[in-house]
Every structure is written in structure tokens, then in C-alpha cells.
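Here is the structure we will look at, set down as C-alpha cells.
The values are calculated or read from the model by the stated rules, or taken from the named source; none is laboratory data. Not measured: the values here are computed from a predicted model. Glycine gets a Cβ as well: all are built from the backbone with ideal geometry, and neighbour counts include every protein chain shown. Protein only, heavy atoms only, side chains kept; ligands, DNA and RNA dropped before computing areas. Shrake-Rupley method; radii C 1.70, N 1.55, O 1.52, S 1.80 Å.
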Amino acid sequence: AEIGELRLAEPRYGGSLVAFQGNVLPISGASREHYSSWSRRVVVSSFGATPRLSTIRALGAEPTASAEDVARHLAYLAAHKPELDRRFRDDRVTLRDQLGCCYESLGYLLASSGADVAFRDDAPIVLLRGGALARPSRVFAGLDDDDDAPPVVYSLRRADDNLLAAAARYPRLAAALGASAGKPRLAQLETWSAEPHGSVDAAIRLARLAYKLYGHGAMRLPDSAGAIRPAVDTLYDDAPWLERRVDKSKLPLAHPALERKVVQALGAEPTSRAVVETADFVVESTTRFPELEAWQRLLTSPAFAAAVRRARRDVDATRLARLRATRLVAASKLGARYRYRELDATAADAESSPALRADDVIYVLVAGDKPGRRCRASLATVVDRYLELGDRALVGELLGVDALDELVDVLDAYEIPSLELDMRLGTPGETCVAGDRPAVGDVVLADGARVKILAEIDRETLLCATSPDLVETAAVRRDALVDLVAERKAREALVARAALVEPEPPGVDDVYLEEEGEASQLRGGDTVRLETTTRTRTSPGFDLVRVDVANALFFHHRPTLHELYDDAGRRRLVKEAALVLDRVAAVFGYDPAKVALFFQRGAVSRFVRQKLFFNLAPLDKRRRHTGADLRADPFAYCYFFGLFVHKLAHFFDVVHGTRHHFFMTEFRCHFALNFVALLARQGFDPAQVEAQFPHLIHHEVF
């Protein structure tokens, strides 16, 4: 009872007597308790004795301040930092030490009590090395201090050592203060980039951070003069050829400390696109130059257009068509002006331009007896800028080929993939029924010719490609479209038929090894001895690209792809072969949708994991020799018959040996009458056909 009446106590750090009630009587750590809560609670003296917890409770005191009290005291110290810095400058416990006590106490209380605290208004309470305070929302534990952007974004590693030590001991502390465990979102970086922080270094680091984390973003970039502007209003210099023609001090070039890949990814525009070149004066040459004529033929060829489409799938079809109609004209004198938006950026002593485009003419400056490498490079620059390919070096290499088939070699050297190439040549169609409306992407008939719809100009007019390589275009009225070619329906039917393929039975992926003249079959680690005679055969590998011709699954040899467009007979060959394939497949009761056709000279037809690949190169050689329609040539029927016999036998044994030969004989005997009936229906004499092509009927056909 007497203890309960003692309500006055002496403060630990001086002052008048205070009540025990509501203040802190610590069991230990009195200094830390004081410096982490003195604006909220008073730490009273224990008179040199360690009080018991029951005594502290009886006096109405607490053994420690609450987490809420420490949080409010931390906010108080941070809010009054300038004046408190002066107040405690000469004190043995500086403001930095007191903030460290707050971090330590808050972390301990959060870990021991499980309490939660909340700081208001994102006030700066995170102490950094050097004494500055940062807002918690700008501090990220997931950032390295080499990637952040002070004074806008900070890594937690830049925090004061006292805070880092407390955060290492108490994992909840950083999150309780409001710091993020991850990395800033792109929206945050874009917002902070637009703030008037005025730091060029911070803007550079923010741009690099956005590029590193996301690869893009609507950021603001510093230009070479130090002004911070939107990235879309900034340029990066990718045009060294403009060095003596454009006054680049008039252009908003990105800060030289920023890497080109960063500003390019964030939306800055290249000077090669932004600076527009216009003709100032032209004096045409009367001399005829074979080099210009060769470049003219190359630019207007379907092979060059196909190469451009492979390099840039989304190239503007209209511009590509206009380029094919562009004339190359030699000029003895050529002058140009250079403008960026509304600004004339032409240098005072600008050099003459070696090449420029005006309407449908490209002028090439020829100073000597013949155009040199500089002329080709200048022409490549003009073509690249007009088509917006973004790779003038590639265009220059394409213009330097001596033959059209070398274009593929150039693209291969640049490692440009071709698997996504989409060059439709048209498919057999169905009559358009009432209510059908052609859509973008459909292949239709207009004036008896197949065209592909590229875009809808208006309700009555469509932009259509009129050439197989989708380069030549024309505006076609909707009412001029006669028949809708149901290419998509044919594709869907083909996919549906292919989906009916039965699952491959066990054993098709077994591997056969040859050991001491015997073949071993590996099945899940077990070895089974087979009594069979084996031999090996080597052949070229595939180098193919998918092309849509007729209603067939067809691939063409990639390096010679241009031949498909230059040779109408090759396209006709595919369609005729597809029809013959349907007829011969019916002999075996086999679905032709499960057979792929391809064209590659020197390659053999394949059986790959229960899939059939038939090469049309032998049929093309036959067509060139006889000139006959495949549908009326018994060679084509015997060729496919021999391939089916050979490849279907591989369903039972993938090795060329005695077992494989046995199954080939079985297939010939079983389906011979069906094949004889087919030959008779086509008007052939089966006996004469057998005598003429015994190597296709009675032997292995590759």
C-alpha cells in the first residue's frame, strides 16, 4: 500500500519531479529508452537498483516505451532535424545517435510484441550516410547502390550504418519504416522522372534504371545542354554522315553520358529519321552508268522486296511498292537542305549530299568515271531512311550482291530468321456465299487475279497486294471482288484433319546402335539384340521455310526461295504434285494431310518421328526435261508410290536392313492392285509403266 502511494519520481536525465504514472521505469537500457522516446515519455530513475516488473506495474509505470511512442518520437526528430542538429551538436549523444536508438528500439519492439506502426505523409525518416533524410517510398532494398538515382531514388544500402545494423537484426524494421523490399515500378520511375529535381546526374541514373529494369518507359532525358525534356523530344546521333552537313548544336541531342541503347529504348528519335533532307539544287548527268542500272534492277526485283520483308516484317507495303517504281538518276551536282521539324539545321559550310530522294527519283552524285563505294553507301542510307528499316549497313550489303541468290547469304550472315516469313501465293477457293464479306488477310479474286487484302481504305475500297510477294499494291473496290477464297477455312480443315493423327505407338523413338555388325535397339535402358543387316546413308540437312502454295503443307529451300517467285512453273509444280499426292495416298488409305512436301535440291525425302516429308526436286527435274503436266506423267505417280512404300515401312523398322526390306515387300504386294487400278483410271498402261520405271516400283525411292 505504501508503494502504491509513491507517485513522484526523479527523471533520469534531470528536471523536476514527475509522476511514475504513464512514464518509463526501465529494467535495463535506460539511455536507449530515453533517446528513443524523450518527446513522448519521461524515463525515470531507478535509484541504482534494478526494479522488478511487479514494482514497475504497481507504480503505474511501463518498463519500456511502446512502438507507437518510438515511431512518433522518430518522426519528431526527423521533422525537427535542422534545429536538433544544432542543439545536440556538442552533446555526447548526437542526433544521429538518437535516431539510431529509435531504429534499434523500434525494431526490437516490432519483433517482440508483434505490433504494427504507421508513418504519415511519407515524411523523410530514413537517415542516409552523410546525414540526409530520405522518404521511405524512395528507398528500395532490392536496388544496388550502383543502380539508384539520388536524390530521387535510393538503395537501402545507402542508409546510415545504425539503421543498417538495426535492419539486419530486425527484418521487419525496413518495411515498418515504409521502405520497399523490391524495386521501383515503371510508373513510379516515370512520375519521379517528371519531377523538377534539377539534377542531370539523377536524370541519367533514372533513365539507366528504367532501361535496366523494364527496357522502356516514358522517361525524361537530359540533353547535351543539360535541359531535361521528354525522351520523345530527344535525339540520339546515329548519322555520322551528317557531321559536316548539319549544325548539331541546334539539335536536342541526348546527354553524351547516356548510352545509345538506353535513349533508343526509352523512345528517343534517331537523327537519321528526325532530320529531313530536301533537294536544294540538282544538275543531272548525261553519262550512262552500268552500276546505277544494276542497282535499279536490284531495287525493282521481287527478290530484293522479299529480302526486305524478311529483314523487317512490318515494312510499309506502300513504300516498298513505291521504291520499286523509283528511278535512279546520276547527278553531277547536288545540294540539299536539312530540317528538324520547323528548324533549318543546315550547317553554314555544308557539304554537297552524295544521294537524296525527291518524289519518285533518287539522285546519286557521281563525281568520277563511275560510282564508287561512297555512292552505294549513300544510296543505302536513302533506301534505309525511306523504308525505315533502321539498318543501313544491311541495306548496303544487299545492294552489293552480284546475283539475286546472294541476298539470302547476306541475311543469313546477319542472323535474320526466316521462319516467320509469310508469302501467300493463293489457294483454291470456294464461291463467296451471300452475306460473306472479305476481311483483312483474306485472299480474293479481283478481275480474275488473286490478291490479298492488306487494309481497308474506306467502306467501299480495299488496299490489296497484287503480287505474290505482297509488294505491289492497288486500291480495289469491294464490289469488284468476285469469289472469296476460303484460305482460312482450308487451313482450319487441314488442322482438323491433322489432329486426327493417332498417338505414336511405343517404340518409335527407340535408338538403334550398330555394334560389331549387329544392331542393338535401346528401350528405356534395356538392350535387345536384333538379327538384321544394316547399312548407313548420309544426306544434306534441312534448310527450309514454310510457304503457302495451294492447299498443301509445303516448304521451300531457304537460300533458293527467290526461285519460287521468279519461276511460275515451280508454283504450278507444287499444285500439280499436291493433286497427284492425294490420288496416290488414297491407294494406301493414307491421309495426305499427314504428308509435307518440300523442295530442296540434293536432299532426300525423310521419315522423321512418324512424319513423312516428300521432296519435289526430282519431279521438278522431270518437269524441266519433259515439260509435261505432272497429272499426266506416270513418273509422278510411281515416284510417290515408291516413297510411300519406302517411308511407311519405316513405321515398323527405322533401320535400312532386312526387316525394313521385308515390310517394303509387304506394302508393295498388299497395295499393288490398288495402284494398278489408279494407273488404269488415269489412262496409263500399267505394264508399260512398270517396264519404264522399275526403279521406282521395285526398289527403295529416296
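Among the residues in the range 256-269, are any in a helix (DSSP H, G or I), open to solvent by less than 10 Å² (accessible area, probe 1.4 Å) and within 18 Å of R374 (Cβ to Cβ)?
No, the range 256-269 contains no residue that is in a helix (DSSP H, G or I), open to solvent by less than 10 Å² (accessible area, probe 1.4 Å) and within 18 Å of R374 (Cβ to Cβ).
Flag: S249 does not match the condition of being open to solvent by less than 50 Å² (accessible area, probe 1.4 Å) and out of contact with any strand residue (DSSP E or B) (no Cβ under 9 Å at 6 or more places or on another chain). Residues in the range 344-361 that are among the polar types (S, T, N, Q) and on the phi > 0 side of the Ramachandran plot: 0 in all. Specify the residue that is surrounded by the most Cβ atoms within 10 Å (Cβ to Cβ); the eligible residues are those in the range 34-53 that are among the polar types (S, T, N, Q) and modelled with pLDDT of 80 or more. Per the stated criteria, the residue is S36.
Residues in the range 625-651 that are closer than 20 Å to P592 by Cα and among the aliphatic types (A, V, I, L, M): L630, A632, A636, L643, V645, L648, A649.
Taking the criterion of being open to solvent by less than 30 Å² (accessible area, probe 1.4 Å) and touching a residue at least 40 places away in the same chain (Cβ under 8 Å), the residues of the range 573-587 that qualify are L573, V574, E576, A577, V580, L581, V584, A585, V587.
For the range 594-637, residues that are closer than 16 Å to A568 by Cα and of a type in the set (G, A, S) total 3.
Taking the criterion of being closer than 14 Å to S39 by Cα and open to solvent by 10 Å² or more (accessible area, probe 1.4 Å), the residues of the range 79-100 that qualify are A79, H80, K81. A134 - would you say it is over 14 Å from A67 (Cβ atoms), of a type in the set (A, V, I, L, M) and out of contact with any helix residue (DSSP H, G or I) (no Cβ under 7 Å at 6 or more places or on another chain)? Yes: the conditions hold for A134.
Take H216 and decide whether it is out of contact with any strand residue (DSSP E or B) (no Cβ under 9 Å at 6 or more places or on another chain) and either of a type in the set (V, I, T) or within 27 Å of L389 (Cα to Cα) (or both). When the stated conditions are applied, H216 passes them.
Residues of the range 588-622 that are over 19 Å from L561 (Cβ atoms), over 33 Å from the mean Cα position of the chain (by Cα), of a type in the set (G, A, S) and open to solvent by 10 Å² or more (accessible area, probe 1.4 Å): G589 alone. The residues in the range 554-575 that are farther than 18 Å from V604 by Cα and of a type in the set (F, W, Y) can be counted, and the count is 1.
Evaluate the following for D280: is it among the acidic types (D, E), in a loop (DSSP other than H, G, I, E, B) and either farther than 24 Å from L407 by Cβ or open to solvent by less than 30 Å² (accessible area, probe 1.4 Å) (or both)? Against the criterion (among the acidic types (D, E), in a loop (DSSP other than H, G, I, E, B) and either farther than 24 Å from L407 by Cβ or open to solvent by less than 30 Å² (accessible area, probe 1.4 Å) (or both)), D280 does not qualify. Take the residues of the range 559-572 that are in contact with a helix residue (DSSP H, G or I) (Cβ under 8 Å, 6 or more places away or on another chain) and open to solvent by less than 40 Å² (accessible area, probe 1.4 Å): which is farthest from V408 (Cα to Cα)? Only one residue fits best here, namely G569. Checked against the criterion of being of a type in the set (D, E), open to solvent by 60 Å² or more (accessible area, probe 1.4 Å), out of contact with any Ser or Thr (no Cβ under 6 Å at 6 or more places or on another chain) and part of a helix (DSSP H, G or I), the range 142-153 has no qualifying residue. Considering only residues that are closer than 15 Å to C101 by Cα and in contact with a strand residue (DSSP E or B) (Cβ under 6 Å, 6 or more places away or on another chain), which ones fall in the range 31-59? Across the range 31-59, the qualifying residues are E33, H34, R41, V43. Evaluating D122 against the criteria (1) crowded, with 20+ Cβ neighbours inside 10 Å; (2) over 24 Å from R169 (Cβ atoms) leaves one unmet condition, (1). If the condition is being modelled with pLDDT under 75 and open to solvent by 40 Å² or more (accessible area, probe 1.4 Å), then the range 549-558 contributes only N551.
Rundown of residues vs (1) over 19 Å from S272 (Cα atoms); (2) of a type outside the set (V, I, T); (3) surrounded by 15 or more Cβ atoms within 10 Å (Cβ to Cβ), yes/no style:
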| residue | (1), (2), (3) |
| --- | --- |
| K333 | yes, yes, no |
| R337 | no, yes, yes |
| S353 | no, yes, yes |
| L356 | no, yes, yes |
| V364 | no, no, yes |
| K370 | yes, yes, no |
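Flag not set for E666, criterion: among the acidic types (D, E), touching a helix residue (DSSP H, G or I) at 6+ places or on another chain (Cβ under 9 Å) and not in a helix (DSSP H, G or I). Considered as a group, the residues in the range 623-659 that are assigned to a helix (DSSP H, G or I) and more than 20 Å from V587 (Cβ to Cβ) include one that is least open to solvent (accessible area, probe 1.4 Å), and that residue is R623.
Counting only residues that are open to solvent by 70 Å² or more (accessible area, probe 1.4 Å) and in contact with a strand residue (DSSP E or B) (Cβ under 6 Å, 6 or more places away or on another chain), how many does the range 339-351 have? Residues flagged as open to solvent by 70 Å² or more (accessible area, probe 1.4 Å) and in contact with a strand residue (DSSP E or B) (Cβ under 6 Å, 6 or more places away or on another chain) within the range 339-351 amount to 1.
Selection of the range 229-246 for residues being in contact (Cβ under 8 Å) with a residue 12 or more places away in the chain, open to solvent by 50 Å² or more (accessible area, probe 1.4 Å) and more than 24 Å from I204 (Cα to Cα) yields W241, R244. Criterion first (modelled with pLDDT of 85 or more, under 20 Å from V595 (Cβ atoms) and either buried (at least 16 other Cβ atoms within 10 Å of the Cβ) or not acidic (D, E) (or both)) does L673 satisfy it? Here the answer is no, as L673 does not meet what is asked. The residue that is nearest to P150 (Cα to Cα), among those in the range 125-134 that are surrounded by fewer than 16 Cβ atoms within 10 Å (Cβ to Cβ) and in contact (Cβ under 8 Å) with a residue 24 or more places away in the chain, is R129.
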